[in-house]
Amino acid sequence: MEERARSCLLRFKDTLEQDIKASYLMDHMVSDGILTNDEEARVLSKVCYGQAAALLEVLLMKDNRAYISFYNALVRESYGDLANLLHSGLPLLSPVGERSFADRVSPSVQAILSEGGVPQRPVVFVSRPALLNLIREKLYRLKNTSGWVTVFGMAGSGKSVMAAEACFPGGVHWLSVGQCERADLLVRMQSLCFRLEQGQSSDASQRTPCSVEEAKERLRFLMHRRFPRSLLILDDVWDSFALRSFDIQCRVLLTTRNRSLADSVSGEKFEVPVESGLDEEKALEILALYVNGKPQKLPEEALSIVSECKGSPLVVSLIGALLREFPDRWSYYLRQLQKKQFKRIRKSSSYDYEALDQAMDASLQVLEPEHRDLYRDLSVMQKDIKVPAKVLSVLWGLKSEEVEDVLQEFVNKSLLFRDCNQRPYHYYLHDLQRDFLVEQNRDQIAVSYVAPLFKRDHRRTRSELLYWYRFLPYHMAKAGLSKELYSLMFSLDWVKEKAQIMGSAHLINDYVEYGEILDEENSEVRLQFQEFLSLNGHNLEQRPFPDIVQLALSQPVCSEVYRQALMQAQKRASRGQLCLDLVNKNNQGSFSRLVVHPQQGSVYYACFSKDGSKIASCGANKALRVFKTTSGEKLLEFQAHDEDVLCCAFSPDDRYIATCSSDRKVKVSVSVSLPTLFEHEEQINHCQFTNTGRRVLLATCSNDKCTNTKNTMFGHMEPVNHCCFSPNDAYLATSSSDGTLKLFGVSSANEWKSIDVNSFFPESDDEIKAIVKCSTWSADGSRIICAARNTVFVFDVKTSDMLLEMKTSRLSTVQYCHACPNSSLLAVALSHYTVELWNFETSKKKAECNGNLSWVHCVQFSPDGSLLLSSSSDQTIRLWETDRVHTSSAAALKRDSDVLFSHSDVTIVAPDSRNRLQDVRCLRLQVWKWRTGECLVLEGHKEPVRRFHLSNSSSSSHLFSWSFDGTLKVWDLNRGHMLQDLECHKGAVLSCDVSSDGHLFATTSADRTAKMNFLLKGHKDCVRSCRFSWNNKRLATGDDNGEIRLWSMLDGALLKICSRDTKDSMDSFHGGWVTDLHFSPDNRVLVSTGGYIKWWSTETGEALQTFYTMGANLKKIHVSPDFTTFVTVDSIGILYVLKKVEGGSL
């Protein structure tokens, strides 16, 4: 400390010791970093009268910064007379060695700030340049005029720190106002007057103002005469009376929690909102500075602390200061935050409140008692949820206009936040505010939760009650209304209502979230509802919304879901509505337990997070999506690349997700896409992080024949399709189109082993290598498994010897494989849309996972091996429980079948997949007389016969055949002669039908037309099916676009178009081609097959019912004569026998 400052302290030492209260001053000096906690404790250990002397002794051993901090503390604590004694001794700071005190501030500017009472920077300070520039921009507008700049925000958001950074050309004068009575306000104003009068001659000095009004006039005079270009900063202003006391036509910057305070004063006004939280990077920087570390080396709890408090500067600083003294208490302070133990996070700086809860409560106490009670009711709001005023109108029982006025007051006082991007406005609490309310309101919390349940107004529209649809179970659970919760969650009506508005993922999440409560009533029923939603969630995303009763009729007969659906279907049937009951309910053990429709377009890759709680997916829509494993609820979605995203991977700590794309870029993301990490020269096929966090690396491979980790690994001669780290991250396996599998040492980036997989295919052409699609490691890392063509190979890592060879069907190829991380199970995705589970120890197939409707691009086990996912071009991700899937004992049926209906019996004949029948393309027909074995050969078609139709009458038997050559031929079966050879179309004839009276026939073609007596035009794609009505007045035609048209047989006029309003997820109006059509006997209903089955009203063209099959691409449907039973087989070989629920008329 320079001699002048030291002498000044010694000269007035006795006076200071008699008048100051050391504990008040030390709070400020600890905050400035002048005093350590140990020094503070040493001073406080003295008897009351000795504390001041001990403090001065400590100061005399310190530097100039200590003198300035002590002077500012006197000013802030209203010791104006004592500060005046020390004013002459204020030192000028040297820029060398004083950077922490005033970065980039010149000594002269620093002296001005010190004289103006501006607090020093906190000992730990991080810049917020965007906010500071905004404050300075508003202040610049006051350059030539008086006015007000209001810096407002919630408690602890850093308003005062930012205000202290605001310099002004004509000087700055700081006054901390706070919550004060009239007498306290007068003392503060007197202190300011005293400071402003320093330097005047003794003759000019005036007596101390005796009232607020007199002090106001004195300040007006001083600011206009002596400091006309200065800025007055009023810190922490709470009420309008205090602010009006400084309405003296000067330039004022005020910090407050109440943005509306400036409405009570005159002059120009500008506002600067302060965000309630710092971004993650800034918050971690503060914690790192407190513990003298680097942000990237902080423990995991650091990020959790920042996340838990939403980056609150106050909380981060309080905890940081505590950690400086107790650096091993990261977990302890995180637990205190999570448990809402705000009193444990106590004062360790100059902040005005002893603990965090006091700072929160101070804002609450300034409300009117009535509004205070309303604010406490907000404790029922859930975290991170924004609600409209309509919801709070239900909660409070007030009119919307009254609610909006109350909410506006809360927003003005920084007690509530408003999202102005939504109309109507939505409101939400900061997590700290909500947690504080919950803690304060704990005794009455059950009453608070249950109150809105009985206040709900059922006359409101569903959009107004959106909040209640989402959070009604939450409120019931919190209020302890178990019986009411059972009744709600075990109701198919509730499932329908909520799924239609919120989607299935929110519902599934409810059954998971409140499973313990629901299981006390009936765990089986809870599982039945949860499984129903999991299996049908992708269907519930369809628009128009599907009939949930019809979906539920496919559930097992013993299911509560089925029981409720059947009751509702029977009621509907009595009113003439159509519902179909699935008679042959299959055991669906081999089908997925959850189906998620994450995006439009093919899903190329999906992976579990390291903790198994989340799944990330990517694909043809260029986006990355993250959702919950348990329910499919979306957590995150954003555009990741400019082209197809081919792969994604979680980092070992789940904080980051890497993506790679055909745009040749690799990106690493947190919550939004970050800049490109690096690029390859060609398409990047795969990326993967290391398995452990000891040394985090990211490997990528591409069509440019090399692999990247930290170093580039060369060796392959063709594109590298896949790469994966060994379980201990010592090696990296790469799979290539050059027919080899290579192992590289990760630390050296050198090739360790190379296995020529192509050599195990001796019949292969030398020029056409066997492409190695992918590889995977056994759990112990001793074996490496790879897939090529239709074979999976298991190699010993040390010797490179092949241990096992598992061959799949020769008609299929292996698309992908993945080994279970804790067992000998291997998941294999095959080109015929099936996923198989094999034991790679015994080379035996253990299970089949059916349900995918297109190419399966990826399979992956969860980290604990309990779940298996697949991603497919059918736009879905499917999850299986590995211990519940099994190899089906029944072979899958083929879609070619025939059915005999006899009264109530149904006889079905269909070949299965075990009959290896060859598809022979024939140019002739063979007609057999089955009693005698005679064969009649009919020749004449120039291209393969598409199909044929037998027509019997009392006089003769005819056969119609149609072909890809565009002709239809009519044959006499008695003589084997061709009766007619008709060139019907320019394209292939795809279907034909004969009217019931045998007088007319119709054909449809790939040339997009149908023919009868008229040429029927209008279809936009191949016309694949046709059917006459039984009364021969209509013809129905269906095309590959999913559209059905009804035509008049009298004049060929178009009567109706049966179609959805929009295309479905398969880019069709019917889930695919319309392959078969049938009219009901009364001609009022038409049934059609495509990707699913639909029933239509021929009068209106509207859909009456839809039945979704597990597979797709239905080939035909068999209909009983009375139109009550329907039989079909889907693309994955599942048989469906549907019966109309009794009681209805069509």
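Numerical summary
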read-out: In degrees, nearest ten, helix 280-290 long axis to first principal axis of the chain (Cα); value: 40 degrees
read-out: The chain: translational diffusion in µm²/s, Stokes-Einstein, Kirkwood Rh over Cα pairs, 20 °C, 1.002 mPa s; value: 60 µm²/s
read-out: The chain, accessible surface, carbon-and-sulfur percent (1.4 angstrom probe); value: 48 percent
read-out: Percentage relative contact order, the chain, counting C-alpha pairs under 8 Å, at least six apart; value: 5 percent
read-out: Across Lys496/Lys1140; Lys159/Lys390; Lys585/Lys628; Lys571/Lys634; Lys310/Lys498, pairs whose alpha-carbon gap is larger than 25 Å; value: Lys159/Lys390; Lys585/Lys628; Lys571/Lys634; Lys310/Lys498
read-out: Probe 1.4 Å, protein heavy atoms only - accessible area per residue of the chain in square angstrom; value: 44 Å²
read-out: Cα pair count fraction exceeding 17 Å, expressed as % - the range 942-1009; value: 38 percent
read-out: Under 20 Å from Lys1020, Cα to Cα: lysines that are on another chain or at least 8 residues apart; value: Lys986, Lys1011, Lys1056, Lys1063
read-out: All lysines inside 30 Å of Lys46 as judged from Cα atoms, apart from same-chain residues fewer than 8 positions distant; value: Lys13, Lys21, Lys62, Lys343, Lys347
read-out: Segment Asp864-Arg229, extension gain: residue separation times 0.36 nm, minus the distance between their alpha carbons; value: 221.7 nm
read-out: Accessible area in the full protein assembly, largest first, 1.4 Å probe, for Asp801, Asp1130, Asp780; value: Asp780, Asp801, Asp1130
read-out: Cα-projected label distance for Gln249 with Arg329, points at 7 Å along beta-carbon direction, nm; value: 5.4 nm
read-out: Partner lysines for Lys769 [C-alpha distance under 24 Å; skip if fewer than 8 residues away on the same chain]; value: Lys705, Lys742, Lys753, Lys807
read-out: Other-chain or far-sequence residues with amide H under 5 Å of Ala1112's (modelled H); value: Ser1131, Ile1132
read-out: Value of relative contact order over the range 183-307, rounded to a whole percent, pairs C-alpha under 8 Å and six or more apart; value: 17 percent
read-out: The chain: angle of helix 182-196 to the longest principal axis, Cα-based, in degrees nearest 10; value: 70 degrees
read-out: Relative contact order [Cα under 8 Å, 6+ residues apart], the range 704-824, whole percent; value: 17 percent
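The values are calculated or read from the model by the stated rules, or taken from the named source; none is laboratory data. From a predicted model like this one, the values you see are computed outputs, not experimental measurements. Virtual Cβ from ideal backbone geometry, glycine too; neighbours counted across all protein chains shown. Ligands, DNA and RNA are excluded from the accessible area calculation, which covers all protein heavy atoms including side chains. Shrake-Rupley method; radii C 1.70, N 1.55, O 1.52, S 1.80 Å.
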